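Shown next, in structure tokens, is the structure this report addresses.
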Amino acid sequence: MEEMNEAQQLRQRLLNQKKNGWDLVDETTEKAIFDYCEGYKTYLDRGKTERTCVEYTVELAKAAGFVELERGMALTPGMKVYRVNRGRAMNLAVIGSAPLDQGVSIVAAHIDSPRLDLKPTPLYEDSELAFFKTHYYGGIRKYQWVTIPLELRGVVAMKDGSIINVSVGGQPGDPQFTIDDLLPHLGADQSKKPLGEAIPAESLNLLVGSRPLKGDEGTDRVKLAVLQLLNQRYGITEADFISAEIEAVPAFNAVDIGFDRTLIGSYGHDDRVCGYAGFKALLDLKDTPCRTAVCVLADKEEIGSEGVSGMQSAFFDTFVDDLCASQNVPLKACLEKSFCLSCDVAAAYDPNFAEVYEKNNSAQVNQGVGLCKYTGSRGKGGCSDAGAEAVAYVRRLLDDRKVIWQMAELGKVDQGGGGTVACYMANRNIDTLDAGVPVLSMHAPFETVSKLDCYMTYAACKAVYEG
Ligand code: MN
Ligand code: MN
């Protein structure tokens, strides 16, 4: 009997035993988890694109006392500032009591998601049906985007400088759009093709109309009738699509999944689930943090973080430099002391596709926020591979605050791979570690996450800000 106890003690002391988070949380935390996720679901529905996500985030930030950062502004501890980057990305900060040469604590997430963008000349007619041509954005599995309801969100930038907001399909009573697929009765040849080739990109055409213009004898009468409707509603012509950014995104909203309501199904968890966590944790900071807390909501991660609104843009450096200038601190002195949690989703172990995962190193649904030392592919290629010290720092932070966490690796070695904004932060001489919510069906139009994991990611972000 005594020997058994000793073994049990050894087990407790030596083994890193994975536990289901629901066995570890008390009733108060359970309630906090469910409450937090109600706000998150609204955030998802309001912010289905990076632009609408920025709009809603600004609305919430302003209500919480954040003001737009102006260059040269005097900044005092506790002040809350934000800056929007061209409507598609933003940074927020709560000024800490420590000087900026002590570094800042950053949570960086992205708010763009895989979707279908309209081409610059989208509208055409074929066989008296009108379609929009699309060009997919990010890593999608094309077969998942046919025969689902889609809505359009975006902007048309007019030559006179005005911006027209387009949003059709998201409000009750709105028409929606869809991409058709072949019926099984005629799918014999298509069914023999590999999954990745069965739906070619150029067949992802959005059905947008079928009624010809009355009393017209010319060609393309359906196309003309659609243009007439668009002109009446938005005042635009076919050429105005050239300077538009209109995205087709799933028309369904976030919902609870499962009899026990412990999961959320939605479009765009990747990566608004971490964007919301980083933002909400910043909003919920009760006391002025020691180090300045910075929340980054970046665009263009899904296509390599390039461009003026991506994580590689100098927008981030300019923002932090403007904070530093108020204290005469050189930017590089601030960055080298900073820490960044690159907050992005992880692949959740899926028992239905067990063969692509290595179970000991995969994130499990309900085991908390997944820390990811490295991403990349073919031998960690293209990732920043956090130092052991940075991982230890976060282990301590999370354990001190009883945040439930686990390690996460993106499937089996050489099965595939991926990246995040982590390397672009690390390249700036900032210690950076990836962490985020494990997702089932990542990049699908309808992804699934665990409410407990969402909340623990929020708690992890808070821990980083509080230092
Ligand atoms: Mn992501
Ligand atoms: Mn992604």
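What follows draws every value from the coordinates through simple rules; no lab data is involved. Every value quoted in this text rests on a predicted model; they were computed, and no experiment measured them. Using ideal geometry, Cβ is built from the backbone for each residue, glycine included, and neighbour counts are taken over all protein chains shown.
Observations, loosely collected:
- The range 234-304 versus the range 366-395: alpha-carbon centroid distance in Å: 23 Å
- Using a cutoff of 8 angstrom between alpha carbon atoms and counting only pairs six or more residues apart, the relative contact order for the range 116-250 works out to 39 percent.
- Packing here is the average count of other Cβ atoms within 10 Å per residue, and on that basis the peptides 95-104, 126-135, highest first, run 95-104, 126-135.
- Taking the average, over residues, of other Cβ atoms within 10 Å as the packing measure, peptides 142-150, 262-270, 61-69, 315-323 rank 262-270, 315-323, 142-150, 61-69 from highest down.
- Degrees between helix 388-400 axis and first principal axis of the chain (Cα, 0 to 90, nearest 10): 80 degrees
- Hypothetical label at residue 243: residues of the range 147-178 whose amide nitrogen lies under 15 Å (7 Å Cα-Cβ projection): 155-165
- With each label modelled as a point 7 angstrom along the Cα→C-beta vector, the residue 253-residue 9 pair spans 5.6 nm.
- Shown here for the range 226-328: GluC sites (Glu not before Pro) in loop regions (DSSP other than H, G, I, E, B) with at most 14 other Cβ atoms within 10 Å, namely 306.
- The order of 405, 22, going from fewest to most other C-beta atoms within 10 Å of their C-beta, is 22, 405.
- Entry for the chain at q = 0.07, 0.09, 0.10, 0.11 Å⁻¹: log10 I(q)/I(0) = -0.39, -0.64, -0.77, -0.91, Debye formula applied to identical alpha-carbon scatterers, no solvent contribution.
- Were the residues from residue 401 through residue 284 laid out at 0.36 nm apart, the gain over their Cα-Cα distance would be 40.6 nm.
- Contact order normalised by residue count of the chain, Cα under 8 Å, 6+ apart, percent: 22 percent
- Taking every DSSP helix (H) stretch of at least 4 residues in the chain, weighting each as -39,500 (n - 2.57) and dividing the sum by the residue count yields a mean residue ellipticity at 222 nm of -9000 deg cm²/dmol.
- q = 0.21 Å⁻¹, the range 116-250: log10 I(q)/I(0) [Debye, one scatterer per Cα]: -1.33
- Once the Cα atoms are used to define both axes, helix 2-14 deviates from the longest principal axis of the chain by about 60 degrees.
- Considering only the range 342-465, percent of DSSP beta bridges that pair antiparallel, nearest 5: 50 percent
- Where labels lie 7 Å past Cα in the beta-carbon direction, separation of residue 186 and residue 26 in nm: 6.4 nm
- Sorted by Cβ neighbour density within 10 Å, fewest at the top, the residues 276, 56: 56, 276
- Candidates per chymotrypsin sites (Phe, Trp or Tyr not before Pro) in the range 224-263, loop by DSSP, up to 15 other Cβ within 10 Å: 259
- Model label points for residue 359 and residue 228, set 7 angstrom from Cα along the Cα-to-Cβ axis, are 6.4 nm apart.
- Of 53, 290, the sequence from fewest to most neighbouring Cβ atoms within 10 angstrom is 290, 53.
- For the chain, DSSP calls about 70 percent of its internal beta bridges antiparallel.
- Farthest toward the positive end of the dipole of the chain, out of 82, 225, 408, is the Cα of 82, where the dipole comes from beta carbon charges about the Cα centre.
- Among the cysteines of the chain, 37, 53, 290, 295, 324, 334, 340, 372, 383, 423, 454, 461 have no other cysteine beta carbon within less than 4.7 Å of their own.
- Angle between the chain longest axis and helix 50-63 axis [Cα atoms, degrees, rounded to 10]: 50 degrees
- Each listed q (0.11 Å⁻¹) maps to a log10 I(q)/I(0) for the range 244-343, found by the Debye formula over equal Cα scatterers with no solvent: -0.50.
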